[in-house]
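The block underneath contains the structure these notes are about, expressed in structure tokens.
Every number here is computed from the coordinates shown, using simple stated rules; none is lab data. Everything numeric in this text was worked out from a predicted model, so none of it was measured. Note: ideal-geometry Cβ built from the backbone for every residue, glycine included; neighbour counts use all protein chains shown.
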Amino acid sequence: MNNLLSRATPYLQATPLLIILGFFLALPILLLLVVSFWDYDFAGMYPGFMTFNYAETLGSWVTWKTYGNTLKFAAIVWAITAFIGFWVAYFLAFHVRKASTQTVLFLVCTVPFLTSNIIRMISWIPVLGRNGLVNSALVGAGIVDQPVEWLLYSDFAVILAMVHLYALFMVTPIFNTMMRIDKSLVEAARDGGASDWQIIWNVILPLAKPGIAIGSIFVVTLVMADFSTVQVMSGGQSASVALMMRNQMSLLQYPAAAANAVVLLIVVLSMVAGILRIVDIRKEL
Amino acid sequence: MTDMIKKTGISRRNLLKTGAAAVAGAAVGSGAITGFPTIWAQNPITLRQFGTGVSNLNAIAEKCKADLGITLEMTATDSDAAAQRAVTQPDSYDIADIEYWILKKVFPTGVIQPMEISKLKYYDKIVPLFKTGKLTPDSVIAQGTAPHTVGFVEAKDSKEFAKGETEFFTMVPTIYNADTLGIRPDLVGREITTWADIMDPAFKGKTSILNIPSIGIMDAAMIMEAMGNITYADKGNMTTAEIDATIDFLIKAKQDGQFRAFWKSFDESVNLMASGEVVIQSMWSPAVAAVRSKGIACKYQPLKEGYRSWGGGLGLAAHLEGAQLDAAYEYINWYTSGWVGGYLNRQGYYSAAMDTAKEYMSEDEWGYWIEGKPAVGEIKAPDGTVMEKAGAVRDGGSFLERMGHVACWNSVMDEDRYMVRRWNEFIAA
């Protein structure tokens with residue numbers, strides 16, 4: 001009896017998580033998968049097993065081009081946020097000595113996040129617009145004759161807003177892993193005659209990899225699933241995968257959107273698997 | 001204890017009586033409901049109305065409650081959701097407030113019951129545009145889903161639209177308007193006369209069209225035809241070849257950088273115009289008013305090819321019967337009796353029964369909104385905000401000039417699904 005209880009305990013302990021994940025993760029994804037095979041018209045969805053939602057999605061050059069575009073955003077935003085994230089975290093972890101200052105500066109990093117995502121994004125519009133702050137300043141200072149058009153409603157605007165929105169998701173995990181790096185390792189390296197750059201390259205960077213990996217997962221998944229930033233900052237001129245889905249949903253083409261979502265899920269999961277393959281995040285936690 | 005309850009009961013009944021009398025008094029005083037039975041005040045009836053147009057206006061529900069005692073429960077949705085709900089949840093509403101192109105999709109499924117024209121008190125006051133398609137006897141019938149083509153059926157249980165006027169009306173028209181391009185007169189620097197002007201290389205990177213496929217394609221069609229690129233058999237029902245030609249043209253214009261942005265919501269169109277990012281774009285009339293209310297010059301420019309028009313109406317759910325059906329007719333008769341018409345006209349839309357609406361508008365309001373005359377005093381919106389100063393003239397002029405020059409109506413195409421797919425390609429390209 002006692003034996004049975006001790007064997008059942010781990011299962012009982014896992015039950016709450018199982019229920020939550022089952023209801024809020026597994027079940028919706030299962031429904032998504034089922035619906036993606038249904039038929040539809042403007043009035044409703046009709047259960048069945050049709051593969052044309054996938055055929056239409058995968059057979060259209062729009063899908064490929066849109067995935068290309070979204071992956072391009074993901075790659076550029078990832079590179080920039082990883083660069084910024086690493087240096088901000090490095091500064092916080094190794095150059096700021098007092099723990100209290102560290103905490104204060106880290107909180108300063110999070111201040112912009114106290115406002116809504118949408119507001120932070122939209123506030124770029126008056127800054128970058130044709131008659132916006134940047135253009136007024138440039139024209140006023142005589143640097144350019146005509147306002148610079150590509151600042152707003154362009155890929156540049158999309159990437160700028162995304163970096164702004166998602167940089168902290170990179171800073172936080174990297175800062176976290178860097179704080180766990182044993183300072184004596186840095187001292188040992190210095191005693192051994194390593195220069196600052198050698199320490200960063202050979203000691204800190206390898207040890208910060210799990211943080212970079214976690215940050216990368218955040219940033220990549222957020223960019224891949226983004227629709228509002230792309231819609232607003234490109235002025236509807238650029239497409240993203242999620243935006244394509246949203247267009248389909250607003251036209252009540254749910255099965256088509258579901259098929260699209262399943263494809264996106266597979267792509268993103270493969271990307272996350274790839275990141276985890278390169279860096280074992282559990283090793284260093 | 002019993003005593004107390006009784007007392008409360010009596011006093012509440014007294015209160016109700018006084019309240020009803022006050023309402024009736026006010027109504028009689030304003031002359032609003034002469035000839036209407038006030039029976040609904042004693043026998044409360046609720047009508048559930050959902051849709052895209054007038055369901056957004058709470059003032060109408062309040063006035064209806066005051067005049068008729070009928071409680072209107074209004075739900076506003078976007079047009080695609082409205083079409084779906086009309087068909088899939090026919091018992092969830094009593095009155096459908098939908099656009100005519102949605103009716104074309106929805107009516108054949110049997111969820112809307114035709115109205116008997118003999119029960120419509122103000123049928124003869126409804127403008128002929130909704131009966132024959134001609135505003136004046138010599139008007140040309142516009143392309144697209146013109147309301148009169150889906151306005152009548154032969155019999156009560158018929159699912160097919162009749163060719164001409166019959167005894168059965170599918171919807172009572174409520175709200176409609178003529179759309180065109182909005183411009184910044186201070187920034188375009190020249191006369192704008194045609195839909196083709198939006199493609200002028202001088203405005204490269206300073207134009208926008210709306211990213212709602214079913215409406216955007218119509219604006220694109222107006223532009224295509226104005227440029228002389230193509231002549232459509234029916235803009236409102238393109239063939240796949242015509243859709244291809246139109247989308248290919250849009251994709252080329254986009255890649256040449258003609259457009260600054262594509263807008264999806266009302267506020268986006270206002271901001272694009274107000275910030276000067278675009279100087280000429282597809283626009284809706286309340287958006288033009290919103291830009292102007294910021295003190296920025298904006299004009300709803302009439303164009304020689306004519307307007308793209310839209311219109312909506314009220315239809316009766318198939319399940320309505322008995323007292324509820326009577327109440328629904330009562331509501332629709334009240335609706336066309338003038339107060340609502342005046343209210344809509346004052347917002348810059350048009351009422352279907354113009355003669356009755358006239359009685360609820362001042363001479364100056366009627367002159368400005370409907371006759372295209374210069375305003376004598378300040379023109380105010382129903383909520384009291386000043387819309388135009390004295391001397392202003394409505395863009396496009398009078399009702400007859402505007403609604404008399406409709407080139408096409410919003411519509412649903414047979415190749416709808418193909419069109420949406422190609423439209424998505426245009427946005428992704």
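A few points about this structure:
- Length-normalised contact order for chain A - Cα pairs under 8 Å, 6+ apart - percent: 27
- Mean ellipticity per residue at 222 nm, deg cm²/dmol - from DSSP H runs of n ≥ 4 across the protein assembly as shown, formula -39500 (n - 2.57): -16000 deg cm²/dmol
- In this structure, B:THR75 and A:LEU12 have a Cβ-Cβ separation that, at R0 = 51 Å, corresponds to a calculated FRET efficiency of about 0.65.
- Spin-label pair A:ILE143/A:ASN2, simplified geometry with 7 Å Cα→Cβ offset, distance in nm: 7.8
- Residues B:LYS159 and B:ARG48, FRET efficiency given R0 of 30 Å [Cβ-Cβ distance, rounded to 0.05]: 0.80
- With both labels modelled 7 Å from their Cα along Cα-to-Cβ, the A:ALA79 to A:MET50 distance reads 4.2 nm.
- For peptides B:389-398, B:76-85, sequence by mean Cβ density within 10 Å, most packed first: B:76-85, B:389-398
- Highest-fluctuation residue, A:LEU105, A:LEU17, A:LEU185 considered, GNM on chain A with Cα pairs under 10 Å: A:LEU17
- Counting only residues at least eight positions apart within a chain, or on another chain, the lysines with an alpha carbon under 29 Å from that of B:LYS119 are B:LYS63, B:LYS65, B:LYS104, B:LYS105, B:LYS131, B:LYS134, B:LYS156, B:LYS159, B:LYS163, B:LYS358.
- Summing Lys and Arg as +1 and Asp and Glu as -1 over all other residues whose Cβ lies under 14 Å from the Cβ of B:TYR329 gives a net charge of -3.
- Residue exposure proxy: A:MET233, B:MET419, ordered by other Cβ atoms within 10 angstrom of their Cβ from fewest to most, comes out as B:MET419, A:MET233.
- Of all DSSP beta bridges in chain B, antiparallel share, percent nearest 5: 60
- Dipole magnitude for the stretch A:60-284: computed about the Cα centre from +1 point charges on Lys and Arg Cβ and -1 point charges on Asp and Glu Cβ, it is near 360 debye.
- Average beta carbon contacts from partner chains per residue of A:61-68, 10 Å cutoff: 3
- On the basis of the beta-carbon distance and an R0 of 25 Å, B:THR88 and A:LEU33 show a calculated FRET efficiency of 0.65.
- Take each residue of peptide B:253-263, count the partner chain Cβ atoms within 10 Å of its Cβ, and average: the result is 3.
- Where labels lie 7 Å past Cα in the beta-carbon direction, separation of A:ILE266 and B:LYS119 in nm: 5.5
- In range of the label at B:ASP414: residues from the stretch B:235-263 whose backbone nitrogen is under 15 Å from the point 7 Å along Cα→Cβ: B:235-243
- Euclidean distance between Cα centres, the stretch A:77-145 to the stretch B:115-165, Å: 60
- Value of relative contact order over chain B, rounded to a whole percent, pairs C-alpha under 8 Å and six or more apart: 20
- Per-residue mean of C-beta atoms belonging to partner chains within 10 Å, peptide B:268-280: 3
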